[in-house]
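Structure first, commentary second.
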Amino acid sequence: MRRFVRSIAAILLTCSLLSPAAAAIAAGTGAVGSEEVYPVILLPGYSGPKLFLDLGLETQEQVWSPEINGERTQNIIEAVLRVVPRLIRESEGNEAEAVRRTGELFQTLFEKIRMNPNGTPAYNVTAYPGNAFDGRWDRLVAKGEERMNNQRPITNSFLDYVPAEKVYLFASDWRLGQVDNAAALDRYIQEVKADSGMDKVSLFGVSYGGQLAEVYFHFYGDKGDVAKAVLHAPAIRGSELAYDLMADPAFAFDPARLVDITAAWFNAETGLTQLLQGLSLEYVSDVAVKVVREYIKPYALYFGSYWDLVPPQYYEAFKAKYLDPSANAEIIRKSDIIHNEVYPAAGETLRSMAAKGVQVCIIAGTNLPLAGGNPISSDYIIDVASTTGAVAAKIGESLSAGYVTAEAVCTDPAHRHISPGGEIDASAAYLPEQTWFFRGQYHAQGAFDTYCAELYNRFLFTDEITDIYSDPDFPQFRDSCNANDILEARFSGSKSGWLTAADAQLELTNLTSHSVSLQGITVQGIQLTADFSKSLAIPPGQSVKLNFTAQLPLVDTAFQLTANFLRDGVAASRTFVFTALSAGTAVPAVLRYEAGETEAESTRWQPLPLNLWKTIALAATCILALSFCAAAGRALFRRRKEN
């Protein structure tokens, strides 16, 4: 009995000694089975960081984002949406006058951020915050400088996992090329290490910031300063849009879609089309394209960053047309490094980092045309091939039957790297096992996407997700779950995008804060009927499950499922693309979805709540005290007996 008591006491004492570790985990300072969570550096997208003239002097002036007509604009898109339509209306249909007035507005915006022909600033302009001390999020908040960060939704999502003092904002001078900014990032990382007292950092790069992270890895990755990196919609090999916007004679904006993506960027669940009411959309597009090419292009051509975004297939011809070998020699030298050294080695660089223990995650939006209508699969701003390295069919098409790529990085067919709709081959991606695709997600909208935000946070701050197989809730391919998407659809027993023999129900989730009323479901491509006969309300944030009957095809078949619904009384619909696995085919583990605990979760030790640890510690103390008293009593009894 005494041995049993001592054994129990020892076990409980050990648990009580472990309670500080459990408390640290609960506080977000560590993760089960890993080293302490490292500070994360946010690398914003293009034009995000604020620029100041004469920073720190009496003549200091914020020149980006600037003041427009006395109203502060947080980014150029807001200026376009709120100022430009007014200028166009005031021009009363006179296109030349509309172009002139809008162009002069942009000249005012761009003058103080103008660059010299050699790629250096024409004015004493720098980005803020310029160092790690000023860039730590808790210090920015304490100074009331939250607006210095245009990626606040992402930053706020971090705070569910780590305290503000572990989050840093790197404000690059986004006019400069990535050769310069990668060197600046390396210096900043050393500052963060010194400020935090930690030997590594993690990176979260958005768009242009994602490209910067990859360029940093190319030049400085061997230093071993980075533990994890999330590249969200990264422009790793530039963007077709950088060429189309400046040179494609057929380029035209789709203003309605531009308004739609802006609504998504502002996380607005209603459209902003009223801003363009009464205007011809073709007229608006013509004005916008001419303003870009006549007024903005002369400035952009001296931005090293612009040249780093030009896709490799256009670079040499574009450079020969617009850059002078003498006057622009320094821009050419640095951008040549990007195109001739960094671009070709992008996949090798990222795989090398992974081999050295750096955990890298890439997240991309897909199946949207580029802003000018180019049917390349993209997130509207950056094409999928650049972002991920994957092969992607054009919008409205799929990879051909029997398709095989010679570019495959992963050659195991059991991994099923072809998307459910057959449009994307992720086996050719830079990192096939660590790349996630969100169909229909607009550029860099992860913070507003329920699943995407949880994915990148759990990847960064825990050991729970390391690849596309870690959790069935986060498969490689998924539909966008932004509030603007309104509904999500999936089948109960299979991963997102698949219908298999394991499925018994169709699950529909309301992604918005509005009431949605399901009106009907139509299916094209296979025989499937949902058990649904009348209007069905889906409360905000909740799901409904419908039984269905389906005849699985003889071969794997892509099909479309359209949900028709009312949101706040307005009729709308969303179409989903699935692939039905052929009848009689055993459902492979890689496609199965099992709600609840997965094998990985069942074998992972789960931390106990802090209050329970306190209870255990108290119990251990009591048992030890009782054991001590019992032992002392027995000793006293023996002495008395001996005397």
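Tallying residues that are in contact (Cβ under 8 Å) with a residue 60 or more places away in the chain, among the hydrophobic types (A, V, I, L, M, F, W, C) and over 30 Å from F461 (Cβ atoms) within segment 323-359 yields 5. Screening E407 against (1) among the charged types (D, E, K, R); (2) within 25 Å of F578 (Cα to Cα); (3) touching a strand residue (DSSP E or B) at 6+ places or on another chain (Cβ under 8 Å); (4) at pLDDT below 95 leaves a single unmet condition, (2). When T509 is tested against the conditions (1) surrounded by 16 or more Cβ atoms within 10 Å (Cβ to Cβ); (2) of a type in the set (S, T, N, Q); (3) out of contact with any strand residue (DSSP E or B) (no Cβ under 6 Å at 6 or more places or on another chain), the lone failure is (3). Is at least one residue of segment 478-486 out of contact with any Cys (no Cβ under 7 Å at 6 or more places or on another chain), over 30 Å from D160 (Cα atoms) and assigned to a strand (DSSP E or B)? So far as segment 478-486 goes, no, none of its residues is out of contact with any Cys (no Cβ under 7 Å at 6 or more places or on another chain), over 30 Å from D160 (Cα atoms) and assigned to a strand (DSSP E or B).
Residues in segment 109-143 that are more than 21 Å from S65 (Cβ to Cβ) and of a type in the set (V, I, T): T120 alone. For segment 312-349, residues that are farther than 18 Å from F217 by Cβ and of a type outside the set (G, A, S) total 18.
Table: residues versus (1) in a loop (DSSP other than H, G, I, E, B); (2) over 23 Å from Q445 (Cα atoms); (3) in contact (Cβ under 8 Å) with a residue 60 or more places away in the chain; (4) of a type outside the set (S, T, Y).
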position	(1), (2), (3), (4)
A127	no, yes, yes, yes
D134	no, yes, no, yes
A171	yes, no, yes, yes
A182	no, yes, no, yes
Y188	no, yes, yes, no
D195	no, yes, yes, yes
V215	no, no, yes, yes
G221	no, yes, yes, yes
L231	no, no, yes, yes
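Applying the condition of being loosely packed, with under 13 Cβ neighbours inside 10 Å and among the hydrophobic types (A, V, I, L, M, F, W, C) to segment 305-326 and asking which residue is farthest from D244 (Cα to Cα) yields A320. Of all residues in segment 573-589, at least one satisfies being touching a Ser or Thr at 6+ places or on another chain (Cβ under 6 Å), at pLDDT 85 or above, assigned to a loop (DSSP other than H, G, I, E, B) and surrounded by 15 or more Cβ atoms within 10 Å (Cβ to Cβ). Of everything in segment 392-408, what is buried (at least 21 other Cβ atoms within 10 Å of the Cβ) and under 22 Å from E214 (Cα atoms)? Give them in sequence order. Matches in segment 392-408: A392 only. A count restricted to segment 340-388 and to residues that are outside any helix (DSSP H, G or I), under 22 Å from Y306 (Cβ atoms) and among the charged types (D, E, K, R) stands at 2. Scan segment 491-517 for residues that are in a strand (DSSP E or B), under 20 Å from A550 (Cα atoms) and in contact (Cβ under 8 Å) with a residue 40 or more places away in the chain and the total you get is 7. Could you tell me how many of the residues in segment 308-322 are touching a residue at least 24 places away in the same chain (Cβ under 8 Å), closer than 16 Å to P344 by Cβ and assigned to a helix (DSSP H, G or I)? Total meeting the criteria: 4.
The set of residues from segment 409-425 being crowded, with 19+ Cβ neighbours inside 10 Å and either assigned to a strand (DSSP E or B) or of a type in the set (G, A, S) (or both) comprises I418, S419, G421, G422, I424, D425. What residue, among those in segment 426-463 that are in a helix (DSSP H, G or I), out of contact with any His (no Cβ under 6 Å at 6 or more places or on another chain) and among the polar types (S, T, N, Q), is farthest from F158 (Cα to Cα)? Among those that are in a helix (DSSP H, G or I), out of contact with any His (no Cβ under 6 Å at 6 or more places or on another chain) and among the polar types (S, T, N, Q), it is Q434.
When we screen Y442, Y430 for residues that are aromatic (F, W, Y), in contact (Cβ under 8 Å) with a residue 24 or more places away in the chain, under 26 Å from A489 (Cα atoms) and surrounded by 24 or more Cβ atoms within 10 Å (Cβ to Cβ), the only hit is Y442.
The values are calculated or read from the model by the stated rules, or taken from the named source; none is laboratory data. Given the structure is predicted, the values throughout are model-derived calculations rather than measurements. For neighbour counting, all protein chains shown are included, and Cβ atoms are generated from backbone atoms with ideal geometry for every residue, glycine included.
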